[in-house]
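Engineer: Handing you a structure now.
The values are calculated or read from the model by the stated rules, or taken from the named source; none is laboratory data. Being a predicted model, the structure only gives us computed values, none of them experimental. Cβ placement follows ideal geometry from the backbone for every residue including glycine, while neighbour counts extend to all protein chains displayed. Surface accessibility is based on the protein's heavy atoms, side chains included, excluding ligands, DNA and RNA. Shrake-Rupley method; radii C 1.70, N 1.55, O 1.52, S 1.80 Å.
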Amino acid sequence: MAIADKYEALIQTDRIHGSLYTDEKIFDEEMEAIFYRSWVFVGHASELPNAGDYLTRDIGRRSVIMARDQNGGIGVMANRCQHRGNMLCNQQRGNARNFACPYHGWIYDLQGNLLDVPYRQGFKRDFANMGLETLKTEIYRGFVFSTFNPDAVAFADYLGRGFELIDRACDLSPEGEIVLEGGWMRHHFDANWKMMPENDTDGYHVSFTHRSMMQSLESQYDEFAGDEAKMPGEVRDWGNGHTEIDFTSGYRRPLAWLGTTAEKVPEYVRSLEQAYGEEVAKKRLFDGPPHAAIFPNLFLGEMNIVIFQPVSATTSIQWATPMFLKGARELDFRLLRQCEGALGPSSFLLADDASIAERSQKALLSGTPWCDLSRGLEREKHNEDGVMAGHMTDETSNRGFWNHYKRIMTAS
Ligand code: FES
Ligand code: FE
């Protein structure tokens, strides 16, 4: 069967086939089509404040280096020496003047240009084009996205209306910028990577999977349980695989999303009012950050930034760090503790969602071939702003993810 026909058959309007989570061949095809030929999130500019700062990340199964060069520019390159392919950087992060290969000592600068080759006389080759493979890279409000594919669609076409979601996060800072300085927590999941973006914008599970959290503490999610007809909030399909749960209509006061009140963070409120005017600040303080997944591997998880890293069809790693706000650093401690409380090793949300993902993964091997995705198909509709939206508990967001996934997999 041709590849396109295979994905047409596996992803239907109201259901998807379980093999999408378990088949290693499908995983390999995803790596090619999604992680190597399309755009992915790599990191944030604030992670590299100084010239020479670098970090390493995996895009799919490939390791890359993201570095800030001496001119202040940020580039992303394959973490692979052009001589015999050794990995250049083993560290998760650091500061360097250049990158020296540990195998035979070839040296590259911070932009990936080859600077030096030891014992050159033995070579009869031209070294002019032997720099590191550099990835096409675009930065939007500090969010660094890259692709291995020089012919990938334009960045604006990839991100689509995802710009609006990133804006909503950054606009909570009086200076319009977020800062990722809290360090990353990494959690290994015995589950397929797609379960993470799916779960993160699934409004149906909140009052079941997270019931123990709701019973034991007060949180911004308390309004999203109970009577279906009265439940506030909605799920959204922003197009391009980007999806959201919008909790705004369930908030009862400003800063509910931060678990606090204006009286407790007066400096933040004042600085936001000074930066944007009272009216705009008031709306932002009420609405709060997005709870949105940017296809394929970034989650704007309210005041946390999360990366989904696929490892194999049945394993993945989730990265999480608090989203600090430039110009409002007095919130750092609160945000760090909230990130640990939601996504740390003994947190409420992560443990719930991880165990659900691992249970799903295991159960998929027990012979249930199809997963239903029909909830709310008849009642979803476009909002005034053109975004497809459904009831808080509907599967509009999940269908949005899978429709886009199918488009990419069939196009390839
Ligand atoms: Fe890097 Fe030989 S593999 S110098
Ligand atoms: Fe959850």
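Engineer: Compute the FRET efficiency between E263 and A411 as 1/(1 + (r/R0)^6), taking r as their Cβ-Cβ distance and R0 = 51 Å, and round to the nearest 0.05. Write out the running numbers ahead of the final one.
Structural biologist: Values: r = 52 Å, r/R0 = 1.03.
Rounded to the nearest 0.05, the efficiency is 0.45.
Engineer: Once every DSSP H run of n ≥ 4 in the chain is given -39500 (n - 2.57) and the sum is divided by its residues, what mean residue ellipticity at 222 nm do you get, rounded to the nearest 500 deg cm²/dmol?
Structural biologist: Working: 12 runs with 110 residues, N = 412.
My calculation for the chain gives -7500 deg cm²/dmol from helical runs alone.
Engineer: List the residues whose amide H sits under 5 Å from the amide H of L255, counting only those 5 or more places along or on another chain, with H placed 1.01 Å from N in the peptide plane.
Structural biologist: Close amide H contacts, sequence-distant or interchain: F286.
Engineer: Could you run the Karplus curve 6.51 cos²θ - 1.76 cosθ + 1.60 with θ = phi - 60° over segment 107-121 and give me ³J(HN,Hα) per residue in whole Hz, x for Gly and Pro?
Structural biologist: 10, 10, 7, 5, 9, x, 6, 6, 9, 8, 10, x, 6, 5, 4
Engineer: Okay, next question. Expressed in nm to one decimal, what extension gain is obtained for the pair D28 and D5 from 0.36 nm per residue of sequence separation less their Cα-Cα distance? Show your work: numbers first, answer last.
Structural biologist: Values: separation 23, 0.36 × 23 = 8.28 nm, distance 1.70 nm.
Going from the current span to full extension adds 6.6 nm.
Engineer: Short version: ³J(HN,Hα) in whole Hz for each residue of segment 375-382, in order, from phi by Karplus 6.51 cos²θ - 1.76 cosθ + 1.60 (θ = phi - 60°), x for Gly and Pro, what are they?
Structural biologist: 4, x, 4, 7, 10, 6, 7, 6
Engineer: Just add up the charged neighbours of Y103: K/R +1, D/E -1, any other residue whose Cβ is under 13 Å from the Cβ of Y103. Walk me through the numbers before you get to the answer.
Structural biologist: On the way: positive: R80, R84; negative: none.
Every neighbour counted, the sum reads +2.
Engineer: Long-range amide H contacts for S63: which residues qualify at under 5 Å (H placed 1.01 Å from N, peptide plane, sequence gap of 5 or more or a different chain)?
Structural biologist: Residues meeting the criterion, in which the H sits 1.01 Å from N, are N79.
Engineer: Related question: Would you please give the FRET efficiency between L217 and N86, computed as 1/(1 + (r/R0)^6) with r the Cβ-Cβ distance and R0 = 51 Å, to the nearest 0.05?
Structural biologist: It comes to 0.55.
Engineer: Would you please give the FRET efficiency between S312 and N98, computed as 1/(1 + (r/R0)^6) with r the Cβ-Cβ distance and R0 = 25 Å, to the nearest 0.05?
Structural biologist: 0.15
Engineer: Still on this model: Packing-wise, with mean Cβ within 10 Å as the measure, how do 286-293, 395-402, 126-133, 110-117 rank, highest first?
Structural biologist: On the way: 286-293: 23.1, 395-402: 26.2, 126-133: 12.9, 110-117: 17.0.
The peptides rank, most packed first, as 395-402, 286-293, 110-117, 126-133.
Engineer: Place a point 7 Å from Cα of Y276 in the direction of its Cβ. Which residues in segment 132-156 have their backbone N less than 18 Å from it?
Structural biologist: Label zone hits: 141-143.
Engineer: Does a label point 7 Å from the Cα of D332, set along Cα-to-beta-carbon, have any residues of segment 261-291 with amide nitrogen under 19 Å, and which are they?
Structural biologist: Backbone N within reach: 265-269, 271-272.
Engineer: Put a dot 7 Å past each Cα toward the Cβ at E175 and K362; how far apart are the dots in nm?
Structural biologist: 4.7
Engineer: With a 1.4 Å probe and every protein chain left in place, tell me how much accessible area E278 has, in Å² to the nearest 10.
Structural biologist: Accessible area of E278: about 130 Å².
Engineer: Considering only C-alpha atoms, what is the centroid distance from segment 313-371 to segment 174-203, in Å?
Structural biologist: A separation of 7 Å, based on Cα centres.
Engineer: Just checking the chain: which Cys have no other cysteine's beta-carbon under 4.7 Å?
Structural biologist: Cys with no partner Cβ under 4.7 Å: C89, C170, C339, C371.
Engineer: Once neighbouring chains are kept in place and the probe is 1.4 Å, which whole percent of the accessible area of the chain is contributed by carbon and sulfur? Numbers along the way, then the final one.
Structural biologist: Values: 8840 of 18330 Å².
Here it works out to 48 percent.
Engineer: Something else: By how many nm would the segment from M130 to H188 grow when fully extended, if each residue of separation counts as 0.36 nm and the alpha-carbon distance is taken off?
Structural biologist: On the way: separation 58, 0.36 × 58 = 20.88 nm, distance 3.56 nm.
Gain on stretching M130 to H188: 17.3 nm.
Engineer: Considering only protein heavy atoms, what per residue accessible area in square angstrom results for the chain with a 1.4 angstrom probe? Walk me through the numbers on the way to the answer.
Structural biologist: On the way: 18330 Å² over 412 residues.
About 45 Å² of surface per residue is accessible.
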